[in-house]
Amino acid sequence: MTTILHEERLATVVATVTETGARTVLDLGCGDGDLVLRLAGVAGIGRVTGIEIDAERLRRAQTRLAGLPAGRARVQLACASLTQAHSNLAGYDCACLVEVIEHLPQADINRLERALFGGMRPGHVIVTTPNAEYNPVLGVPPHRFRHPDHHFEWDRARFARWGRGVAARNGYTVTFRDICGAHPDLGGASQMAVFRRGDQSP
């Protein structure tokens, strides 16, 4: 995707995190730290934890975060798997997975669900992923994905089925929206699901 779409996606996620009222946030699959850097400067957020399995990307994130001014949220990074529940990461107000799930094999999607929604159980979970219906607008041929590391790219109906299943199995509610553009027929370049645990106020 283009830098403009990436920036729009990050801005949308930050705004959505703010709407939840979260004070503690997990960025699962934080990569080079793009979202962590933005969340660290949001008023009201006191702690941001980034999790990344790629050690090199994590080092780049650490370098970028070293320049954060004092007075920001407390930020920590860890090299860990997204498909295993971590007891020390339980109890966060919100978890974000921004363009992450499409990089996982299907078997790992199921493990991620059990670890995150069944094990760590944050109050809210925000998931974004490419919308396959929008690929022709980006010039992506039908036989290709947007990135060679993607294992799948779902259309909106498939994403909604997955999200509703996750919510029903784990005691969450879920809403969906198109982000990064609004084609009248094809939706946005990305799609977003916002899960809310059943005991959380709307």
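The values are calculated or read from the model by the stated rules, or taken from the named source; none is laboratory data. Treat the numbers as computed from the prediction; the structure is a model and nothing was measured. For neighbour counting, all protein chains shown are included, and Cβ atoms are generated from backbone atoms with ideal geometry for every residue, glycine included. Keep in mind that these areas ignore ligands, DNA and RNA; they rest on the heavy atoms of the full protein, side chains included. Shrake-Rupley method; radii C 1.70, N 1.55, O 1.52, S 1.80 Å.
Summary of computed values
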item: Fraction of beta bridges assigned by DSSP in region 83-202 that are antiparallel (%, nearest 5); result: 75
item: Nonlocal amide H pairs with ASP27, under 5 Å, H built at 1.01 Å; result: THR49, GLY50, ILE51, CYS96
item: Relative contact order (%) - region 65-119, alpha-carbon pairs under 8 angstrom, separation at least six; result: 53
item: Theoretical gain in end-to-end length, ALA157 to ASP54 [0.36 nm per residue, Cα-Cα removed]; result: 34.0 nm
item: SER201 - accessible surface, heavy atoms, 1.4 Å probe, Å² rounded to 10; result: 90
item: Those trypsin sites (Lys or Arg not before Pro) in region 1-49 that DSSP places in a loop and that have at most 16 other beta carbons within 10 Å; result: ARG23
item: Heavy-atom surface of the chain, accessible at 1.4 Å and reported per residue (Å²); result: 47
item: Solvent-accessible area, 1.4 Å probe, carbon plus sulfur percent, for the chain; result: 51
item: Heavy atoms of LEU10 accessible to a 1.4 Å probe, total area in Å² rounded to 10; result: 0
item: The chain - percent relative contact order, Cα under 8 Å, separation 6 or more; result: 18
item: Hypothetical label at ASP199: residues of region 1-37 whose amide nitrogen lies under 20 Å (7 Å Cα-Cβ projection); result: 20-26
item: Solvent accessible area, Å² - ASP185, 1.4 Å probe, full protein context; result: 110
item: Computed [θ] at 222 nm, helices only, for the chain once each DSSP H run of length n ≥ 4 contributes -39500 (n - 2.57); result: -9000 deg cm²/dmol
